[in-house]
Each structure stands twice: as C-alpha cells, then as structure tokens.
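Trainee: This structure is in structure tokens; I'll ask about it shortly.
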Amino acid sequence: MQVTRLRVYPVKSFAGLDVRSASVLPWGLVGDRRWAVVDSTGDLVTAREANRLLALTAEPLADGGLLLADRDGGGAPLRVDEPTDAAPVAVTVSRQRTALPAGIEPDEWLSSRLGRPVRLVWQSDPRARPVNPAHGGLANDRMSLADAGPLLLASESSLAQLDRWTDGDTPPLDMLRFRPNVVIDGDPAEPFAEDGWPFVHLGGVRFRVSGVCDRCVMTTIDPVSLTRGKEPIRTLAKHRRWDGKTWFGIWLVPDLDASSGADTISVGDPVTVG
C-alpha cells in the first residue's frame, strides 16, 4: 500500500488543497484547520449549513498567514495575517473555548460571501485542545480544529466498494466529499480493512488509529457543484451503519513526542500496518 493523496484544509470547511508532502506534529498536519468561521455569537459555522464555504480557498503563506480567495476566481483575494496580538474572543467549538479574531477586513470579506455576519478566528495553540476520549483520545492527545481527530485517512478501495454498493444510476463519488487528509491504495488494501487497524505507518511516521469516522450530512454536498443529494449516506446506512451512525474512514493520532519537532509524510510513501 502507499499514500496516493495528501490534503490540508487551512480553514475549517473551506475547500482543501492537495500537497505533495506535509509536516506532521503531534496535533496534526502543519497548516491544517487552525482557522475557522464563527457567527456573531461565536458559534461555529461549517459547510453543513453554509455550503458556500466549500467554494472558498485559503492558501498558506510562508510567514504563516493566508490568502483567501474564491475558488472560481471571482472577487478580489485577501491576505490575512496570524492575529498573534489580538485579544481572545469566546467561541463555541467543542473543547475550544477561545480563539483569536482575524480582524474586521477578513470578517467583512467572509460576511459578504455568506450573506450574514461571520468572523474568521485562529487557533493560536493546538496544544490546548484535547482529543475527545469518546473518539479514542488519550491523556496527552491534542488536535487542531478538526472534528474528532488530528488526521483523517480514507482508502480508495473502500470508496470503490461504496461505489459498487450505490445505485447504478449514481455517478462515482468524489473522495473529496469525505475530506480526508490522507488517501491510500494498493494491495493488500481490502475494502474497509482500515477499520480494524491499531497502528499505521505512513513512510517513517507512526500513527495510532483512534477510531472510525462517523459521517454527517456534509458528505451529501457535491464539493464542486455544491448541490445536495442522498449519497453517500443512503448507501452507507445500508451497509455501514451501527450505533445509529454511518461510518467511512479512520481517525489518526500522530505517535510523536510534543518536543520532537515535525516529521514529514509524502505522496508515494509506503503504508504499513502494525
């Protein structure tokens, strides 16, 4: 097996970016989901209810900032710097009570695109957000603003099986619906074998599998057209339903010491299970 795709999502619920390699820290990939959108009261805003977020991109800059843009090239892009000197504001994000506001200009840029008042916020220190024990988190596990684990891994063979299960009138599903950080393929990647893996090595980096990922309505949004449908939830409910939820992909926690610095994974790296 090998890594066939790597993706980062600099702003939670924005369109992601393909990368050839990525640095790994104990709380996830460098540049992945350290920014998020909240409403005027601090509640998290995601593409589950604001599909338009999937049509926005955020390009990481060398100095740590972002370049926000419309995916279709319309409108003027906007540079945003890390708000390191800003006063924290209250946010309603699971296990994250405060974040740093990006400022008036990015707030106005986003609000004009969503048609309602929103704010862009930044997680200054991911070491402050623990992984939920209900999602396999251990005492020292930390994470970015991702939903339930530092990284999400998905298998091309599992997606192929899901396509075989779907109605023949349904076009093949785009892996982007599942928003993985790591995509793998190759023998012996049997469909959904990843569910039972305890650990996995991507290249020279070891990860603990903290759990299988339960899937929400966001997977029913076509990442290109932004239209909603019934797949893949309808088919997952027939074949991959337990505990009242549907499941696809696994959460990974980097098996790294917080003081050891970043390691690197790349497209083409071998994948081994242990």
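The values are calculated or read from the model by the stated rules, or taken from the named source; none is laboratory data. It should be emphasised that the depicted structure is a prediction, and the values quoted were computed from it without experimental measurement. Note that we place each Cβ from the backbone using ideal geometry, even for glycine, and neighbour counts take in every protein chain shown. Calculation scope for accessible area: heavy atoms of the full protein, side chains included, ligands and nucleic acids excluded. Shrake-Rupley method; radii C 1.70, N 1.55, O 1.52, S 1.80 Å.
Trainee: Among the listed residues LEU67, LEU78, LEU53, identify the single one that is open to solvent by 30 Å² or more (accessible area, probe 1.4 Å) and in contact (Cβ under 8 Å) with a residue 12 or more places away in the chain.
Mentor: Within the list LEU67, LEU78, LEU53, the selection yields LEU67.
Trainee: Counting only residues that are open to solvent by 40 Å² or more (accessible area, probe 1.4 Å) and touching a residue at least 60 places away in the same chain (Cβ under 8 Å), how many does the range 235-259 have?
Mentor: Counting residues in the range 235-259 that are open to solvent by 40 Å² or more (accessible area, probe 1.4 Å) and touching a residue at least 60 places away in the same chain (Cβ under 8 Å) gives 5.
Trainee: Okay, next question. Is there any pair linking a residue in the range 183-207 that is in contact (Cβ under 8 Å) with a residue 40 or more places away in the chain and more than 20 Å from VAL24 (Cα to Cα) to one that is assigned to a loop (DSSP other than H, G, I, E, B) and open to solvent by less than 60 Å² (accessible area, probe 1.4 Å), with Cβ under 6 Å and at least six apart or on different chains, and which?
Mentor: GLY186/MET1; ALA189/MET1
Trainee: Additional query: For the range 218-235, which residues satisfy the criterion of being over 17 Å from ASP147 (Cβ atoms) and outside any loop (DSSP other than H, G, I, E, B)?
Mentor: If the condition is that a residue be over 17 Å from ASP147 (Cβ atoms) and outside any loop (DSSP other than H, G, I, E, B), then ARG228, ARG234, THR235 are the ones that fit.
Trainee: Looking at (1) under 30 Å from VAL205 (Cβ atoms); (2) touching a Ser or Thr at 6+ places or on another chain (Cβ under 9 Å); (3) surrounded by 13 or more Cβ atoms within 10 Å (Cβ to Cβ), can you tell me which one GLY42 breaks?
Mentor: With respect to (1) under 30 Å from VAL205 (Cβ atoms); (2) touching a Ser or Thr at 6+ places or on another chain (Cβ under 9 Å); (3) surrounded by 13 or more Cβ atoms within 10 Å (Cβ to Cβ), GLY42 is out only on (1).
Trainee: Go through the range 240-274 residue by residue and tally those that are assigned to a loop (DSSP other than H, G, I, E, B), in contact with a Ser or Thr (Cβ under 7 Å, 6 or more places away or on another chain) and not small (Gly, Ala, Ser).
Mentor: 2
Trainee: Across the range 159-196, which residue is farthest from the chain's Cα centre (by Cα) among those that are closer than 13 Å to THR4 by Cβ and not in a loop (DSSP other than H, G, I, E, B)?
Mentor: Within the range 159-196, the match that is farthest from the chain's Cα centre (by Cα) is ALA160.
Trainee: Can I ask one more? Got a number for residues in the range 79-105 being touching a strand residue (DSSP E or B) at 6+ places or on another chain (Cβ under 7 Å), over 23 Å from LEU67 (Cα atoms) and not β-branched (Val, Ile, Thr)?
Mentor: Going through the range 79-105 one residue at a time, the tally reaches 3.
Trainee: So which of THR92, THR98 is in a strand (DSSP E or B), polar (S, T, N, Q) and surrounded by fewer than 13 Cβ atoms within 10 Å (Cβ to Cβ)?
Mentor: THR92
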